[in-house]
Structures are given as C-alpha cells and as structure tokens.
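Student: Before I ask anything, let me first share the structure, which is written out below as structure tokens.
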Amino acid sequence: MRETLALRLATAALFTVLALYGLSTLPDLAARWGLTGGSFAAIAVWGALATVGIARLRERPGASGLVLLCAVMLALRVGAAWIGAGRVSPGDPQSYRVLAQGLLAGRGLVLYEPYFGSDWRALFPPVYPVVLAAWGAVLGFSTASLLALGTLTDLGTAASIAKLGARLGDPLAGRRAAWLYLVWPSVLFSAPLAQKESLCALLIVLLALAWLTPRAGWRGAVALGVPAGLLALTQPGEAPLAALFGIVLLARSGWGPMVLFGLRGAMVAVVVLLPWWVRNWTLFHTFVPLTSASGASLWIGNNPAATGNWEPPPPALKGLPELTYTARIKAIALEWIEHHPAAFLRLTATKLVRATGIGVFGVIRLEAMHPSIPRALAALLWPVAQLAQIALLGATAIRQGRLPLALLLLIAACVLQWVLFGVWFEFGERHRECATPFLLLALCWAIDRQTVEKQPPNP
C-alpha cells in the first residue's frame with residue numbers, strides 16, 4: 001500500500017534526522033561535562049549489563065535467570081538512588097512530595113508556588129499526588145520508599161510492554177524491550193524521585209493494548225476509559241494519545257467497531273474525570289477541565305528566551321489569583337507568537353528536535369539538585385544516557401521496514417502527539433517519553449527471529 005510505504009519512509013526520515021542531531025550534540029555535551037576514561041568504562045558496564053538481559057531472554061527465563069536479572073536491575077536502580085540520596089530535586093519531584101504531604105496533613109491539593117507568589121489548587125493534576133500520598137502514608141517519602149514505588153510502577157509497565165510485544169507477534173521482542181525499559185537511563189534516573197512519568201508510561205501502554213484488541217461491551221470500555229481518564233488526570237498534555245491510538249489504528253478494524261469502542265471508552269473516561277470537574281467548579285466557580293497550568297506552559301514554550309524547558313515566569317505577574325495569572329501569562333505568549341510568527345515556527349521546530357534528539361535530562365536534573373553532583377560524576381553518566389537515546393532513534397530509523405504496521409502506527413501516534421499537542425507548549429525531554437516503550441519494541445523487533453515463539457502475529 002502506498003500509505004504504508006509513505007509512513008515507513010516518513011518514519012525513517014524523521015528518526016534519521018533526530019539521530020543525526022543527537023550525534024551532532026556529542027561535542028557540546030563533552031565540552032559541558034567532560035569525557036574521561038571513566039566515561040567509556042561506564043558505557044561498557046551499562047552496555048554489558050543491558051546485554052545480559054538481551055541474552056538471557058532469548059528463551060523464557062527460569063527461576064535462576066529471573067533472580068539474576070532482578071539483581072542487575074535492582075543494582076542499577078540502587079546506584080541511581082544512591083546518587084540522588086541526600087539531594088533535593090527542584091521542580092516537579094519536590095512539588096509532588098509537598099502536595100502528597102499536604103494531602104496527608106488535611107490541607108488538600110494545594111501548593112504555594114513561590115515564583116507565582118500565591119497558592120495554586122489546580123496547577124498539578126490529582127492522580128499522582130494521591131497515589132504518592134497513599135504510598136507515603138504507609139512507607140514515608142524517603143529515597144528508598146520512592147525507589148520502591150517507582151520500581152513497582154516500572155515493573156507494571158515492563159509487564160505491559162512484554163504483553164504488547166506478544167500481542168503484536170514477537171514475544172521475544174516484548175521480553176527484551178521490557179528488560180531494556182527497566183534499565184533504560186531516562187527511566188533509571190527518574191525511579192528514585194517523586195516523578196509521574198513512570199505512571200504515565202504504564203497508562204499509555206495499557207491504552208495501546210486496549211486499542212489493539214478492542215473488546216465488546218462495557219468491559220472493553222472500562223479497559224480503555226479508565227486508563228484514558230487517569231492519564232488525563234496525571235499528565236494532561238498526553239491525554240490526546242487515548243484518541244490518537246484509536247485514530248491511527250482505524251484502518252485495521254474498520255470504522256464502525258472502533259468508533260463504537262472509542263465512544264464507550266470516552267463515556268467511562270468522563271466518569272473518571274467527573275470528580276475532578278466537580279471539585280474545580282466548587283473551588284473556582286468555573287469549568288477547569290484538567291489543570292490551570294496551560295497558560296504558564298504556553299509561555300514557557302513561547303517567549304524571547306524560550307528553550308522548551310522550564311524557566312522563571314515574568315515577575316510582574318507575581319501574586320495574581322491562579323486563574324487570572326494563567327490567563328495573563330497566556331495572553332503574553334499569544335502576543336509574542338502573533339508578532340513573531342517566524343521565530344515561533346523556528347522555535348517550535350527547534351524544541352521538537354532538541355527534546356527528542358537529546359537524552360541527558362536526568363543528568364541535568366542531578367546537576368540542578370542541592371547539593372549538585374560533581375562534574376566528574378556527570379562525565380560518567382551523560383555519555384550512557386545520550387548514546388542510548390541515539391541508539392533508540394537510529395534503530396527505529398533503520399528497522400522501520402521490519403516492524404509490523406500496528407507498531408509503526410503506535411509510534412506514529414506518539415509523533416502526532418508531539419507535533420499536534422506537545423511541542424507548542426513547554427516541551428522538554430520528559431515530554432517525549434510517551435514513545436519510549438514503543439521505540440524499545442522497535443529496537444528489539446525480530447532479533448533472533450528463529451527463536452521467537454510460534455504465535456499468530458497481529459499486524
């Protein structure tokens with residue numbers, strides 16, 4: 001089909017460009033953090049440990065194999081936790097801890113934002129703070145506790161990735177992609193922090209599974225609608241994926257069944273969202289569907305100094321009420337876009353390439369902690385993270401011709417999410433992570449094909 005060929009060519013072109021950009025950044029990253037013999041040793045150690053899982057998972061692992069893989073995975077995660085222990089991470093990880101502690105103290109979902117100079121009640125969506133508060137009520141908020149929560153969530157995502165690989169026709173690729181996800185640098189760096197990306201990844205893979213095999217009746221609607229609603233209440237910017245997966249997969253199952261399945265799922269999602277809508281109406285006396293952060297996010301992504309990453313907002317707005325603030329800062333961003341259309345388009349394209357071609361956000365976040373990590377430690381970590389990202393992008397570009405159409409379409413949905421709903425706002429590396437599970441499947445697809453269990457593919 002011409003459409004399939006065009007999709008494969010577009011995928012190859014896009015991910016080739018992103019991989020080449022990632023390669024072009026290596027000299028700048030080396031100048032920033034340095035490159036030593038230890039850097040190459042770190043690359044070799046991580047590569048060897050990742051390869052252990054790739055080799056062990058050629059067949060379904062027995063008890064001893066699982067123990068070995070768990071030990072390797074836990075060693076890497078404990079190492080990541082050790083690096084961050086005793087350091088305070090600015091931004092979302094600290095804000096989520098404050099929100100969770102406030103919930104346990106009976107203050108509700110409210111956060112004083114010093115840059116905004118006022119209390120905000122809908123800046124952060126509710127699901128992850130509630131999960132974190134429930135976890136912290138039992139096990140506290142220590143680094144070890146947060147690592148346990150992140151690891152459990154990542155294990156759920158890994159199991160879902162393995163199931164997705166089997167459903168697409170290559171259980172071996174599913175197992176290997178699940179393993180790589182558990183030891184992938186960007187995932188490792190987030191595991192010991194109060195960071196919602198782990199939960200988002202789980203919900204996104206569950207959505208993909210629901211759309212690949214739509215079940216009739218309300219059981220199927222729940223399988224689609226619950227993760228869709230929870231994703232919207234965890235990371236609103238990624239909520240459109242719930243529909244995009246269905247839209248790109250329409251040609252596989254026919255319009256009628258898929259549209260009916262989607263409508264039923266949407267009804268369940270509305271039920272999940274309803275308590276948050278009622279709560280916001282009670283507080284603000286107006287409809288706040290997901291979050292009050294959209295205006296600030298638009299400004300962060302569109303101003304003369306914007307990079308796509310967070311930056312302090314205009315101090316002149318400090319102290320305004322929450323919804324007034326978000327309306328004012330949104331107006332400033334729209335005014336800049338209106339008067340600088342060429343700069344806006346150039347910045348948007350730059351944000352997309354930077355956020356997807358570079359993979360060192362975990363190191364940048366460690367550097368921003370208080371106290372900061374030593375520069376020598378950053379020199380060990382950044383090459384592993386960046387080379388892993390380049391390998392992921394390059395493999396997707398090279399191997400797209402071997403991927404089943406369904407996996408290619410899921411990747412396409414993630415790209416559409418970036419382009420249609422993400423890149424216009426604040427858009428850093430963590431906002432592209434929705435695609436990581438599917439790109440890992442692409443990386444592992446059809447390796448050692450002769451050993452793949454006989455299972456009917458679902459292309």
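The values are calculated or read from the model by the stated rules, or taken from the named source; none is laboratory data. Bear in mind the structure is a predicted one, so any value in this text is a computation, not a measurement. Here Cβ is always computed from backbone atoms with ideal geometry, including for glycine, and neighbour counts include all displayed protein chains. For the accessible areas, the whole protein counts, side chains as well, though only heavy atoms, and no ligand, DNA or RNA atoms are used. Shrake-Rupley method; radii C 1.70, N 1.55, O 1.52, S 1.80 Å.
Student: Points 7 angstrom from Cα along the Cβ direction at Ile54 and Leu104: gap in nanometres?
Tutor: 4.1
Student: A further question on this structure: What is the magnitude of the charge dipole of the stretch 49-148 about its Cα centre, with +1 placed on the Cβ of each Lys and Arg, -1 on the Cβ of each Asp and Glu, and no other charges, expressed in debye to the nearest 20?
Tutor: 300
Student: What part of the accessible area of the stretch 1-129, given as a whole %, is carbon or sulfur when the probe is 1.4 angstrom? Intermediate results must be reported in sequence, preceding the final value.
Tutor: Numbers: 4590 of 6750 Å².
Result for the stretch 1-129: 68 percent of the exposed heavy-atom area is carbon or sulfur.
Student: Another one. Note the listed values [x] 40.0; [y] 22.5; [z] 20.6, then indicate which one is mean projected area of the Cα convex hull in nm² calculated from this particular structure.
Tutor: This structure yields the entry labelled [y].
Student: When the accessible area of the stretch 363-423 is computed with all protein chains present and a 1.4 Å probe, what percentage of it is carbon and sulfur? Numbers along the way, then the final one.
Tutor: Numbers: 1490 of 2000 Å².
Carbon with sulfur: 75 percent of the solvent-accessible area.
Student: Which sequence of Leu35, Leu76 reflects their accessible areas, 1.4 Å probe, from the largest down? Can you show the working numbers first?
Tutor: On the way: Leu35 90, Leu76 40 Å².
Most to least solvent-accessible, the answer reads Leu35, Leu76.
Student: Continuing with this model, one more query. Residue separation times 0.36 nm, minus the C-alpha to C-alpha distance between Ala71 and Arg32: what's the value?
Tutor: 10.7 nm
Student: Further question on the same structure: What is the spin-label model distance, in nm, from Trp218 to Ala13 if the labels are put 7 Å beyond Cα along the C-beta direction?
Tutor: 4.8
Student: Apply the membrane-span-like helix rule to the chain: whole DSSP H runs, Cα extent along the own long axis of at least 20 Å, mean Kyte-Doolittle hydropathy at least 1.0. List the helices found.
Tutor: Details: long enough: 2-24 (33 Å, 1.11); 37-56 (29 Å, 1.31); 63-84 (31 Å, 1.91); 143-168 (37 Å, 0.94); 197-212 (22 Å, 2.38); 217-232 (23 Å, 1.15); 255-284 (40 Å, 1.20); 322-339 (26 Å, 0.04); 341-357 (24 Å, 0.51); 375-399 (36 Å, 1.23).
Membrane-span-like by this rule: 2-24, 37-56, 63-84, 197-212, 217-232, 255-284, 375-399.
Student: Stretch Leu260-Trp277 to full length: gain in nm at 0.36 nm per residue minus the Cα-Cα span? Each step should come with its number before you reach the end.
Tutor: Details: separation 17, 0.36 × 17 = 6.12 nm, distance 2.48 nm.
My answer for the length gained is 3.6 nm.
Student: While we're looking at this one, here's another question. Using a 1.4 Å probe on the protein chains only, how many percent of the accessible area of the stretch 184-319 belongs to carbon and sulfur?
Tutor: Whole-percent figure for carbon plus sulfur exposure: 74.
Student: Okay, next question. Show the residues, 5+ positions off or on another chain, whose built amide H is closer than 5 Å to the amide H of Ser118.
Tutor: Excluding prolines and chain starts, which carry no amide H, the hits are Glu113, Gly319.
Student: How many percent of Cα pairs in the stretch 27-180 exceed 29 Å? Could the numbers behind the result be given before it?
Tutor: Numbers: 4703 of 11781 pairs.
So the portion of pairs separated by more than 29 Å is 40 percent.
Student: Quick one: which residues, 5 or more positions from Gly428 or on another chain, have an amide H under 5 Å from its amide H? H modelled 1.01 Å from N in the peptide plane, none for Pro or chain starts.
Tutor: Amide H to amide H, under 5 Å and 5 or more residues apart or across chains, Gly428 pairs with nothing.
Student: If you wrap a convex hull around the C-alpha atoms of the stretch 290-426 and split its volume per residue, what is the figure in Å³? Present the calculation step by step, with values, prior to reporting the outcome.
Tutor: Details: hull volume 20.4 nm³, N = 137.
Output value, Cα hull per residue: 149 Å³.
Student: At 1.4 Å probe size, with every protein chain present, just tell me what the per residue accessible area of the chain comes to in Å².
Tutor: Accessible area per residue, the chain: 42 Å².
Student: Let me have the 222 nm mean residue ellipticity of the chain computed from DSSP H runs of 4+ only, each contributing -39500 (n - 2.57), with the sum over all residues rounded to the nearest 500. Spell out each step's value before the answer.
Tutor: Values: 21 runs with 315 residues, N = 459.
It comes out at -22500 deg cm²/dmol, rounded to the nearest 500.
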